[in-house]
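The values are calculated or read from the model by the stated rules, or taken from the named source; none is laboratory data. In this text, all values refer to a predicted model and were calculated from it rather than measured experimentally. Positions of Cβ are generated from backbone atoms using ideal geometry, with glycine treated the same way; all protein chains shown enter the neighbour counts.
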2 protein chains.
Amino acid sequence: MDKAHLGHHISQQFNAELEDIRNRVLAMGGLVEQQIADAVSALVQGDIELCETVITNDYRVNAMEVALDEECAHTLARRQPAASDLRLIVAVVKTITDLERIGDQAEKVARMGLHLTAMERPKNHYLEIQSLGVHARDMLHGALDAFARMDVEAAVQVAQRDVTVDHEYEGVMRQMITFMMEDPRSIARSLDIMWAARALERIGDHARNIGEYVIYLVKGKDVRHISLEQMEKEARDSGGV
Amino acid sequence: MDKAHLGHHISQQFNAELEDIRNRVLAMGGLVEQQIADAVSALVQGDIELCETVITNDYRVNAMEVALDEECAHTLARRQPAASDLRLIVAVVKTITDLERIGDQAEKVARMGLHLTAMERPKNHYLEIQSLGVHARDMLHGALDAFARMDVEAAVQVAQRDVTVDHEYEGVMRQMITFMMEDPRSIARSLDIMWAARALERIGDHARNIGEYVIYLVKGKDVRHISLEQMEKEARDSGGV
(Lines give C-alpha, C1' and ligand atoms only; values in the text may rest on other atoms or scores of the structure.)
Protein backbone atom coordinates (compact mmCIF):
# COMPACT_ATOMS: atom_id res chain seq x y z
CA MET A 1 0.00 0.00 0.00
CA ASP A 2 1.51 3.31 -0.98
CA LYS A 3 0.41 6.86 -0.59
CA ALA A 4 -1.25 6.84 -3.99
CA HIS A 5 -3.58 4.21 -2.58
CA LEU A 6 -5.21 6.91 -0.50
CA GLY A 7 -6.69 8.38 -3.65
CA HIS A 8 -8.62 5.29 -4.64
CA HIS A 9 -11.97 6.06 -3.06
CA ILE A 10 -14.92 7.18 -5.07
CA SER A 11 -15.87 9.32 -2.12
CA GLN A 12 -13.63 12.39 -2.17
CA GLN A 13 -14.77 13.07 1.35
CA PHE A 14 -13.50 9.71 2.60
CA ASN A 15 -10.14 10.28 0.89
CA ALA A 16 -9.89 13.64 2.60
CA GLU A 17 -10.71 12.08 5.97
CA LEU A 18 -8.00 9.42 5.68
CA GLU A 19 -5.47 11.99 4.52
CA ASP A 20 -6.43 14.22 7.43
CA ILE A 21 -5.96 11.37 9.93
CA ARG A 22 -2.55 10.56 8.48
CA ASN A 23 -1.47 14.19 8.62
CA ARG A 24 -2.63 14.57 12.19
CA VAL A 25 -0.67 11.47 13.25
CA LEU A 26 2.43 13.02 11.69
CA ALA A 27 1.75 16.35 13.38
CA MET A 28 1.35 14.60 16.74
CA GLY A 29 4.59 12.71 16.03
CA GLY A 30 6.37 15.97 15.24
CA LEU A 31 5.26 17.50 18.53
CA VAL A 32 6.43 14.41 20.43
CA GLU A 33 9.81 14.51 18.64
CA GLN A 34 10.19 18.11 19.74
CA GLN A 35 9.29 17.16 23.30
CA ILE A 36 12.09 14.55 23.34
CA ALA A 37 14.62 17.00 21.91
CA ASP A 38 13.61 19.72 24.39
CA ALA A 39 13.57 17.36 27.38
CA VAL A 40 17.06 16.04 26.64
CA SER A 41 18.49 19.47 25.95
CA ALA A 42 16.83 20.89 29.10
CA LEU A 43 18.30 18.10 31.24
CA VAL A 44 21.78 18.39 29.72
CA GLN A 45 21.89 22.17 30.03
CA GLY A 46 20.14 22.31 33.40
CA ASP A 47 17.54 24.63 31.89
CA ILE A 48 14.74 24.83 34.49
CA GLU A 49 12.44 26.88 32.27
CA LEU A 50 12.69 24.45 29.35
CA CYS A 51 12.08 21.48 31.70
CA GLU A 52 8.90 23.17 32.86
CA THR A 53 7.81 23.93 29.29
CA VAL A 54 8.14 20.26 28.34
CA ILE A 55 6.13 19.20 31.40
CA THR A 56 3.41 21.74 30.63
CA ASN A 57 3.26 20.84 26.93
CA ASP A 58 2.47 17.19 27.63
CA TYR A 59 -1.21 18.11 27.82
CA ARG A 60 -1.02 19.07 24.13
CA VAL A 61 0.18 15.56 23.25
CA ASN A 62 -2.64 14.06 25.33
CA ALA A 63 -5.24 16.29 23.71
CA MET A 64 -4.05 15.28 20.25
CA GLU A 65 -4.38 11.61 21.17
CA VAL A 66 -7.93 12.01 22.48
CA ALA A 67 -9.02 14.02 19.42
CA LEU A 68 -7.45 11.57 16.96
CA ASP A 69 -8.94 8.59 18.77
CA GLU A 70 -12.34 10.19 18.41
CA GLU A 71 -11.82 10.94 14.73
CA CYS A 72 -10.82 7.30 14.13
CA ALA A 73 -13.90 6.01 15.96
CA HIS A 74 -16.13 8.34 13.92
CA THR A 75 -14.52 7.27 10.65
CA LEU A 76 -14.94 3.60 11.57
CA ALA A 77 -18.61 4.16 12.40
CA ARG A 78 -19.44 6.37 9.44
CA ARG A 79 -17.38 4.79 6.66
CA GLN A 80 -17.19 1.18 7.83
CA PRO A 81 -13.91 0.82 5.98
CA ALA A 82 -12.70 -2.57 4.85
CA ALA A 83 -9.35 -4.21 4.11
CA SER A 84 -6.41 -1.81 3.96
CA ASP A 85 -8.40 1.26 5.08
CA LEU A 86 -9.52 -0.65 8.14
CA ARG A 87 -5.94 -1.71 8.84
CA LEU A 88 -4.87 1.93 8.51
CA ILE A 89 -7.34 3.04 11.18
CA VAL A 90 -6.42 0.18 13.53
CA ALA A 91 -2.73 0.98 13.06
CA VAL A 92 -3.39 4.68 13.75
CA VAL A 93 -5.28 3.89 16.97
CA LYS A 94 -2.31 1.85 18.16
CA THR A 95 0.30 4.33 16.93
CA ILE A 96 -1.18 7.28 18.80
CA THR A 97 -1.26 5.24 22.03
CA ASP A 98 2.49 4.73 21.65
CA LEU A 99 3.04 8.39 20.74
CA GLU A 100 1.16 9.46 23.85
CA ARG A 101 3.35 7.19 25.98
CA ILE A 102 6.48 8.54 24.33
CA GLY A 103 5.20 11.96 25.39
CA ASP A 104 4.91 10.70 28.97
CA GLN A 105 8.50 9.46 28.84
CA ALA A 106 9.74 12.81 27.51
CA GLU A 107 7.93 14.47 30.39
CA LYS A 108 9.70 12.08 32.77
CA VAL A 109 13.10 13.07 31.31
CA ALA A 110 12.19 16.72 31.93
CA ARG A 111 11.18 15.92 35.53
CA MET A 112 14.53 14.21 36.12
CA GLY A 113 16.13 17.28 34.54
CA LEU A 114 14.43 19.46 37.16
CA HIS A 115 15.70 17.23 39.99
CA LEU A 116 19.19 17.28 38.58
CA THR A 117 19.44 21.08 38.53
CA ALA A 118 19.61 20.88 42.34
CA MET A 119 22.68 18.63 42.20
CA GLU A 120 26.28 18.89 41.16
CA ARG A 121 26.75 18.46 37.41
CA PRO A 122 28.68 15.36 36.36
CA LYS A 123 32.02 15.86 34.60
CA ASN A 124 30.83 14.19 31.40
CA HIS A 125 27.92 16.67 30.95
CA TYR A 126 25.39 13.82 30.80
CA LEU A 127 27.03 12.37 27.70
CA GLU A 128 25.10 9.09 28.11
CA ILE A 129 21.76 10.92 28.16
CA GLN A 130 22.74 12.98 25.11
CA SER A 131 23.63 9.83 23.20
CA LEU A 132 20.52 7.87 24.21
CA GLY A 133 18.47 10.98 23.42
CA VAL A 134 19.81 11.15 19.87
CA HIS A 135 19.04 7.45 19.35
CA ALA A 136 15.53 7.73 20.80
CA ARG A 137 14.69 10.74 18.68
CA ASP A 138 16.14 9.23 15.52
CA MET A 139 14.22 6.02 16.11
CA LEU A 140 10.96 7.93 16.46
CA HIS A 141 11.80 9.98 13.38
CA GLY A 142 12.51 6.77 11.47
CA ALA A 143 9.23 5.20 12.61
CA LEU A 144 7.21 8.28 11.59
CA ASP A 145 9.02 8.35 8.26
CA ALA A 146 8.21 4.68 7.74
CA PHE A 147 4.56 5.48 8.54
CA ALA A 148 4.48 8.50 6.20
CA ARG A 149 5.98 6.55 3.29
CA MET A 150 4.55 3.11 4.19
CA ASP A 151 8.16 1.96 4.04
CA VAL A 152 8.68 -1.54 5.46
CA GLU A 153 12.45 -1.39 5.08
CA ALA A 154 12.61 1.78 7.19
CA ALA A 155 10.39 0.12 9.81
CA VAL A 156 12.80 -2.83 10.02
CA GLN A 157 15.69 -0.40 10.50
CA VAL A 158 13.95 1.08 13.54
CA ALA A 159 13.80 -2.39 15.11
CA GLN A 160 17.46 -2.99 14.28
CA ARG A 161 18.43 0.26 15.95
CA ASP A 162 16.46 -0.71 19.06
CA VAL A 163 18.97 -3.50 19.67
CA THR A 164 21.81 -0.95 19.78
CA VAL A 165 19.89 1.32 22.12
CA ASP A 166 19.15 -1.56 24.49
CA HIS A 167 22.87 -2.40 24.66
CA GLU A 168 23.83 1.21 25.25
CA TYR A 169 21.19 1.49 27.96
CA GLU A 170 22.50 -1.62 29.73
CA GLY A 171 25.95 -0.03 29.66
CA VAL A 172 24.64 3.15 31.28
CA MET A 173 22.94 1.11 34.01
CA ARG A 174 26.16 -0.77 34.82
CA GLN A 175 28.13 2.47 34.88
CA MET A 176 25.68 4.16 37.24
CA ILE A 177 25.74 1.19 39.63
CA THR A 178 29.54 1.44 39.68
CA PHE A 179 29.35 5.19 40.42
CA MET A 180 26.89 4.62 43.25
CA MET A 181 29.07 1.96 44.83
CA GLU A 182 32.22 4.05 44.51
CA ASP A 183 30.62 7.20 45.87
CA PRO A 184 27.38 6.82 47.83
CA ARG A 185 26.96 10.61 47.75
CA SER A 186 26.26 10.24 44.03
CA ILE A 187 23.32 7.87 44.60
CA ALA A 188 20.51 10.40 44.21
CA ARG A 189 22.06 11.86 41.05
CA SER A 190 22.86 8.45 39.57
CA LEU A 191 19.30 7.27 40.16
CA ASP A 192 17.86 10.30 38.37
CA ILE A 193 20.18 9.64 35.42
CA MET A 194 19.09 5.99 35.46
CA TRP A 195 15.40 6.95 35.34
CA ALA A 196 16.05 9.38 32.48
CA ALA A 197 18.04 6.72 30.59
CA ARG A 198 15.25 4.22 31.21
CA ALA A 199 12.67 6.68 29.81
CA LEU A 200 14.76 7.13 26.64
CA GLU A 201 15.14 3.37 26.25
CA ARG A 202 11.35 3.00 26.57
CA ILE A 203 10.92 5.61 23.81
CA GLY A 204 12.97 3.31 21.59
CA ASP A 205 10.58 0.42 22.39
CA HIS A 206 7.55 2.54 21.51
CA ALA A 207 9.18 3.66 18.24
CA ARG A 208 9.79 0.02 17.44
CA ASN A 209 6.10 -0.71 18.11
CA ILE A 210 5.13 2.00 15.62
CA GLY A 211 7.45 0.44 13.04
CA GLU A 212 5.73 -2.91 13.65
CA TYR A 213 2.32 -1.38 12.95
CA VAL A 214 3.67 -0.09 9.62
CA ILE A 215 4.73 -3.63 8.70
CA TYR A 216 1.28 -4.88 9.75
CA LEU A 217 -0.29 -2.16 7.63
CA VAL A 218 1.71 -2.87 4.49
CA LYS A 219 2.16 -6.64 4.75
CA GLY A 220 -0.93 -7.56 6.76
CA LYS A 221 1.36 -9.52 9.07
CA ASP A 222 1.62 -9.20 12.80
CA VAL A 223 5.38 -9.05 13.51
CA ARG A 224 5.20 -8.41 17.25
CA HIS A 225 6.76 -10.81 19.71
CA ILE A 226 9.06 -12.42 17.16
CA SER A 227 12.82 -12.25 16.79
CA LEU A 228 14.48 -9.48 14.77
CA GLU A 229 15.69 -12.07 12.21
CA GLN A 230 12.16 -13.39 11.82
CA MET A 231 10.84 -9.84 11.43
CA GLU A 232 13.41 -9.06 8.73
CA LYS A 233 12.37 -12.21 6.90
CA GLU A 234 8.64 -11.44 7.15
CA ALA A 235 9.15 -7.83 6.07
CA ARG A 236 11.20 -8.80 3.03
CA ASP A 237 8.86 -11.59 2.04
CA SER A 238 7.11 -10.35 -1.08
CA GLY A 239 3.81 -12.00 -0.15
CA GLY A 240 1.20 -9.71 1.34
CA VAL A 241 -2.52 -9.52 1.62
CA MET B 1 -24.70 -1.16 27.98
CA ASP B 2 -25.11 -4.34 29.98
CA LYS B 3 -24.41 -7.94 29.23
CA ALA B 4 -27.97 -8.51 28.03
CA HIS B 5 -27.18 -6.03 25.27
CA LEU B 6 -24.97 -8.66 23.68
CA GLY B 7 -28.07 -10.64 22.78
CA HIS B 8 -29.65 -7.89 20.69
CA HIS B 9 -28.35 -8.92 17.28
CA ILE B 10 -30.52 -10.61 14.75
CA SER B 11 -27.46 -12.53 13.65
CA GLN B 12 -26.88 -15.28 16.20
CA GLN B 13 -23.45 -15.70 14.72
CA PHE B 14 -22.48 -12.09 15.46
CA ASN B 15 -23.72 -12.41 19.06
CA ALA B 16 -21.60 -15.51 19.45
CA GLU B 17 -18.56 -13.70 18.04
CA LEU B 18 -18.87 -10.77 20.46
CA GLU B 19 -19.41 -13.13 23.38
CA ASP B 20 -16.38 -15.12 22.29
CA ILE B 21 -14.21 -11.98 22.14
CA ARG B 22 -15.36 -10.91 25.60
CA ASN B 23 -14.65 -14.35 27.05
CA ARG B 24 -11.22 -14.47 25.49
CA VAL B 25 -10.33 -11.06 26.93
CA LEU B 26 -11.33 -12.36 30.37
CA ALA B 27 -9.33 -15.56 29.85
CA MET B 28 -6.27 -13.52 28.83
CA GLY B 29 -6.84 -11.34 31.91
CA GLY B 30 -7.01 -14.43 34.10
CA LEU B 31 -3.71 -15.69 32.77
CA VAL B 32 -2.09 -12.30 33.34
CA GLU B 33 -3.46 -12.18 36.92
CA GLN B 34 -1.89 -15.58 37.54
CA GLN B 35 1.41 -14.35 36.09
CA ILE B 36 1.45 -11.43 38.57
CA ALA B 37 0.64 -13.70 41.51
CA ASP B 38 3.29 -16.22 40.49
CA ALA B 39 5.95 -13.58 39.82
CA VAL B 40 5.46 -11.93 43.22
CA SER B 41 5.36 -15.21 45.07
CA ALA B 42 8.45 -16.49 43.19
CA LEU B 43 10.38 -13.31 44.07
CA VAL B 44 9.32 -13.33 47.72
CA GLN B 45 10.10 -17.02 48.21
CA GLY B 46 13.24 -17.01 46.08
CA ASP B 47 11.73 -19.78 43.95
CA ILE B 48 14.00 -20.04 40.89
CA GLU B 49 11.81 -22.58 39.11
CA LEU B 50 8.66 -20.46 39.46
CA CYS B 51 10.54 -17.36 38.24
CA GLU B 52 11.53 -19.30 35.14
CA THR B 53 7.98 -20.57 34.61
CA VAL B 54 6.63 -17.00 34.66
CA ILE B 55 9.29 -15.87 32.17
CA THR B 56 8.53 -18.80 29.85
CA ASN B 57 4.75 -18.33 30.09
CA ASP B 58 4.90 -14.75 28.83
CA TYR B 59 4.80 -16.09 25.27
CA ARG B 60 1.29 -17.41 26.03
CA VAL B 61 0.14 -13.90 26.94
CA ASN B 62 1.68 -12.53 23.73
CA ALA B 63 0.05 -15.25 21.62
CA MET B 64 -3.36 -14.47 23.12
CA GLU B 65 -2.92 -10.79 22.29
CA VAL B 66 -1.99 -11.47 18.67
CA ALA B 67 -4.89 -13.93 18.21
CA LEU B 68 -7.43 -11.59 19.79
CA ASP B 69 -6.18 -8.63 17.78
CA GLU B 70 -6.73 -10.65 14.64
CA GLU B 71 -10.21 -11.73 15.70
CA CYS B 72 -11.13 -8.09 16.37
CA ALA B 73 -9.83 -7.01 12.95
CA HIS B 74 -11.82 -9.78 11.27
CA THR B 75 -14.97 -8.89 13.16
CA LEU B 76 -14.57 -5.22 12.23
CA ALA B 77 -14.10 -6.14 8.58
CA ARG B 78 -16.84 -8.76 8.37
CA ARG B 79 -19.54 -7.25 10.58
CA GLN B 80 -18.82 -3.55 10.22
CA PRO B 81 -20.31 -2.97 13.66
CA ALA B 82 -21.71 0.42 14.63
CA ALA B 83 -22.26 2.36 17.86
CA SER B 84 -21.78 0.33 21.04
CA ASP B 85 -20.51 -2.82 19.25
CA LEU B 86 -17.84 -0.73 17.56
CA ARG B 87 -16.90 0.84 20.89
CA LEU B 88 -16.64 -2.66 22.37
CA ILE B 89 -14.16 -3.77 19.71
CA VAL B 90 -12.09 -0.59 20.00
CA ALA B 91 -12.04 -0.98 23.81
CA VAL B 92 -10.98 -4.63 23.45
CA VAL B 93 -8.11 -3.74 21.09
CA LYS B 94 -6.85 -1.23 23.65
CA THR B 95 -7.47 -3.50 26.65
CA ILE B 96 -5.43 -6.38 25.27
CA THR B 97 -2.51 -4.03 24.56
CA ASP B 98 -2.52 -3.10 28.26
CA LEU B 99 -2.90 -6.75 29.30
CA GLU B 100 0.08 -7.69 27.18
CA ARG B 101 2.16 -4.95 28.81
CA ILE B 102 1.05 -6.09 32.27
CA GLY B 103 2.36 -9.50 31.23
CA ASP B 104 5.71 -7.90 30.36
CA GLN B 105 5.84 -6.25 33.77
CA ALA B 106 5.07 -9.55 35.53
CA GLU B 107 7.91 -11.10 33.55
CA LYS B 108 10.17 -8.27 34.74
CA VAL B 109 9.25 -8.97 38.38
CA ALA B 110 10.19 -12.63 37.80
CA ARG B 111 13.53 -11.56 36.26
CA MET B 112 14.28 -9.39 39.30
CA GLY B 113 13.30 -12.41 41.41
CA LEU B 114 15.95 -14.47 39.63
CA HIS B 115 18.62 -11.80 40.28
CA LEU B 116 17.62 -11.58 43.91
CA THR B 117 18.07 -15.30 44.58
CA ALA B 118 21.82 -14.69 44.24
CA MET B 119 21.75 -12.09 47.04
CA GLU B 120 21.17 -12.03 50.76
CA ARG B 121 17.47 -11.96 51.65
CA PRO B 122 16.28 -8.77 53.35
CA LYS B 123 14.99 -9.04 56.91
CA ASN B 124 11.48 -7.90 55.96
CA HIS B 125 11.01 -10.73 53.43
CA TYR B 126 10.23 -8.26 50.64
CA LEU B 127 7.19 -6.96 52.50
CA GLU B 128 6.97 -3.93 50.20
CA ILE B 129 6.85 -6.13 47.09
CA GLN B 130 4.23 -8.38 48.65
CA SER B 131 2.06 -5.37 49.46
CA LEU B 132 2.45 -3.71 46.04
CA GLY B 133 1.82 -7.12 44.46
CA VAL B 134 -1.51 -7.51 46.26
CA HIS B 135 -2.56 -4.02 45.15
CA ALA B 136 -1.50 -4.56 41.54
CA ARG B 137 -3.31 -7.88 41.30
CA ASP B 138 -6.47 -6.55 42.99
CA MET B 139 -6.50 -3.55 40.66
CA LEU B 140 -6.28 -5.79 37.60
CA HIS B 141 -8.97 -8.05 39.05
CA GLY B 142 -11.18 -5.01 39.64
CA ALA B 143 -10.62 -3.73 36.10
CA LEU B 144 -11.47 -7.12 34.57
CA ASP B 145 -14.54 -7.35 36.78
CA ALA B 146 -15.59 -3.87 35.65
CA PHE B 147 -15.12 -5.01 32.05
CA ALA B 148 -17.07 -8.25 32.58
CA ARG B 149 -20.00 -6.48 34.23
CA MET B 150 -19.70 -3.16 32.33
CA ASP B 151 -19.57 -1.59 35.78
CA VAL B 152 -18.55 2.08 35.73
CA GLU B 153 -18.48 2.35 39.51
CA ALA B 154 -15.98 -0.53 39.74
CA ALA B 155 -13.86 1.13 37.04
CA VAL B 156 -13.73 4.35 39.08
CA GLN B 157 -12.64 2.36 42.14
CA VAL B 158 -9.65 1.03 40.18
CA ALA B 159 -8.55 4.60 39.46
CA GLN B 160 -9.03 5.55 43.11
CA ARG B 161 -6.87 2.64 44.20
CA ASP B 162 -4.15 3.69 41.76
CA VAL B 163 -3.60 6.82 43.86
CA THR B 164 -2.86 4.66 46.93
CA VAL B 165 -0.50 2.45 44.97
CA ASP B 166 1.40 5.46 43.63
CA HIS B 167 1.88 6.76 47.18
CA GLU B 168 3.03 3.39 48.45
CA TYR B 169 5.43 3.08 45.52
CA GLU B 170 6.93 6.50 46.26
CA GLY B 171 7.47 5.35 49.85
CA VAL B 172 9.32 2.23 48.68
CA MET B 173 11.56 4.34 46.45
CA ARG B 174 12.49 6.67 49.30
CA GLN B 175 13.18 3.72 51.60
CA MET B 176 15.43 2.02 49.05
CA ILE B 177 17.43 5.22 48.50
CA THR B 178 17.94 5.42 52.28
CA PHE B 179 19.11 1.78 52.39
CA MET B 180 21.54 2.36 49.55
CA MET B 181 23.02 5.43 51.21
CA GLU B 182 23.34 3.71 54.58
CA ASP B 183 24.87 0.55 53.18
CA PRO B 184 26.41 0.75 49.69
CA ARG B 185 26.73 -3.05 49.68
CA SER B 186 22.94 -3.17 49.44
CA ILE B 187 22.87 -1.12 46.21
CA ALA B 188 22.48 -4.02 43.77
CA ARG B 189 19.72 -5.60 45.83
CA SER B 190 17.93 -2.31 46.45
CA LEU B 191 17.96 -1.52 42.74
CA ASP B 192 16.40 -4.88 41.88
CA ILE B 193 13.69 -4.27 44.47
CA MET B 194 13.14 -0.79 42.99
CA TRP B 195 12.72 -2.22 39.48
CA ALA B 196 10.28 -4.84 40.74
CA ALA B 197 8.31 -2.19 42.65
CA ARG B 198 8.31 0.00 39.55
CA ALA B 199 6.93 -2.89 37.46
CA LEU B 200 4.09 -3.42 39.96
CA GLU B 201 3.29 0.28 39.99
CA ARG B 202 3.13 0.22 36.18
CA ILE B 203 0.68 -2.70 36.37
CA GLY B 204 -1.56 -0.43 38.43
CA ASP B 205 -1.39 2.21 35.67
CA HIS B 206 -2.36 -0.34 33.02
CA ALA B 207 -5.25 -1.61 35.17
CA ARG B 208 -6.42 1.99 35.48
CA ASN B 209 -6.27 2.32 31.68
CA ILE B 210 -8.50 -0.75 31.33
CA GLY B 211 -10.98 0.80 33.77
CA GLU B 212 -10.98 3.97 31.63
CA TYR B 213 -11.86 1.95 28.52
CA VAL B 214 -14.84 0.48 30.42
CA ILE B 215 -16.06 4.00 31.20
CA TYR B 216 -15.57 4.93 27.53
CA LEU B 217 -17.51 1.81 26.55
CA VAL B 218 -20.45 2.44 28.85
CA LYS B 219 -20.60 6.22 28.84
CA GLY B 220 -19.08 6.95 25.45
CA LYS B 221 -16.79 9.43 27.20
CA ASP B 222 -13.04 9.55 27.02
CA VAL B 223 -11.90 9.96 30.63
CA ARG B 224 -8.15 9.71 30.07
CA HIS B 225 -5.83 12.53 31.03
CA ILE B 226 -8.29 14.11 33.44
CA SER B 227 -8.20 14.36 37.21
CA LEU B 228 -9.67 11.62 39.39
CA GLU B 229 -12.35 14.03 40.65
CA GLN B 230 -13.31 14.87 37.07
CA MET B 231 -13.41 11.17 36.20
CA GLU B 232 -15.68 10.41 39.16
CA LYS B 233 -17.99 13.20 38.03
CA GLU B 234 -18.07 12.00 34.41
CA ALA B 235 -18.65 8.39 35.45
CA ARG B 236 -21.53 9.27 37.75
CA ASP B 237 -23.09 11.63 35.27
CA SER B 238 -26.24 9.87 34.07
CA GLY B 239 -25.90 11.18 30.54
CA GLY B 240 -24.46 8.81 27.98
CA VAL B 241 -24.49 8.38 24.24
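Scanning the range A:161-186 for residues being buried (at least 21 other Cβ atoms within 10 Å of the Cβ) and within 12 Å of chain B (Cβ to nearest Cβ) gives a total of 2.
Are any of the residues in the range B:151-160 among the aliphatic types (A, V, I, L, M), part of a loop (DSSP other than H, G, I, E, B) and surrounded by 15 or more Cβ atoms within 10 Å (Cβ to Cβ)? Give the steps one after another, and end with the answer.
Let us first name the residues in the range B:151-160 that are among the aliphatic types (A, V, I, L, M), namely B:152, B:154-156, B:158-159.
Retained after the next criterion (residues that are part of a loop (DSSP other than H, G, I, E, B)): none.
Within the range B:151-160 (the criterion being among the aliphatic types (A, V, I, L, M), part of a loop (DSSP other than H, G, I, E, B) and surrounded by 15 or more Cβ atoms within 10 Å (Cβ to Cβ)), the answer is no, since none of the residues qualifies.
If I filter the range B:95-106 for residues that are free of Cβ contacts under 8 Å to residues at least 40 places away in the same chain, touching a helix residue (DSSP H, G or I) at 6+ places or on another chain (Cβ under 9 Å) and among the hydrophobic types (A, V, I, L, M, F, W, C), do I get at least one hit? Checking the range B:95-106: not a single residue is free of Cβ contacts under 8 Å to residues at least 40 places away in the same chain, touching a helix residue (DSSP H, G or I) at 6+ places or on another chain (Cβ under 9 Å) and among the hydrophobic types (A, V, I, L, M, F, W, C). Applying the condition of being at the interface with another protein chain (Cβ under 9 Å from one of its Cβ atoms) and part of a helix (DSSP H, G or I) to the range B:79-97 and asking which residue is surrounded by the most Cβ atoms within 10 Å (Cβ to Cβ) yields B:V90.
Taking the range A:98-113 as the range and being more than 10 Å from chain B (Cβ to nearest Cβ), of a type in the set (K, R) and under 21 Å from B:H206 (Cα atoms) as the test, only A:K108 passes. When A:L116 is tested against (1) farther than 30 Å from A:A16 by Cα; (2) within 13 Å of chain B (Cβ to nearest Cβ); (3) buried (at least 21 other Cβ atoms within 10 Å of the Cβ), only condition (2) is not met.
Take the residues in the range A:187-222 that are outside any helix (DSSP H, G or I) and within 10 Å of chain B (Cβ to nearest Cβ); name whichever of them is farthest from B:T178 (Cα to Cα).
First, pick out the residues of the range A:187-222 that are outside any helix (DSSP H, G or I): A:220-222.
Keeping just the survivors that are within 10 Å of chain B (Cβ to nearest Cβ) gives A:220, A:222.
Details: A:G220: 51, A:D222: 45 Å.
Going through the qualifying residues, I end up with A:G220.
Quick check on B:L76: is it modelled with pLDDT under 95, more than 19 Å from B:D192 (Cβ to Cβ) and away from every other protein chain (no Cβ under 14 Å)? For B:L76, the condition - modelled with pLDDT under 95, more than 19 Å from B:D192 (Cβ to Cβ) and away from every other protein chain (no Cβ under 14 Å) - is not met. If you take the residues in the range B:63-72 that are touching a helix residue (DSSP H, G or I) at 6+ places or on another chain (Cβ under 6 Å) and facing another protein chain (nearest Cβ under 9 Å), which one is modelled with the lowest pLDDT? Looking at residues that are touching a helix residue (DSSP H, G or I) at 6+ places or on another chain (Cβ under 6 Å) and facing another protein chain (nearest Cβ under 9 Å), I get B:C72. Evaluate the range B:21-42: report whether one residue or more is touching a Cys at 6+ places or on another chain (Cβ under 6 Å) and either in contact (Cβ under 8 Å) with a residue 40 or more places away in the chain or part of a helix (DSSP H, G or I) (or both). Yes - at least one qualifying residue is present in the range B:21-42.
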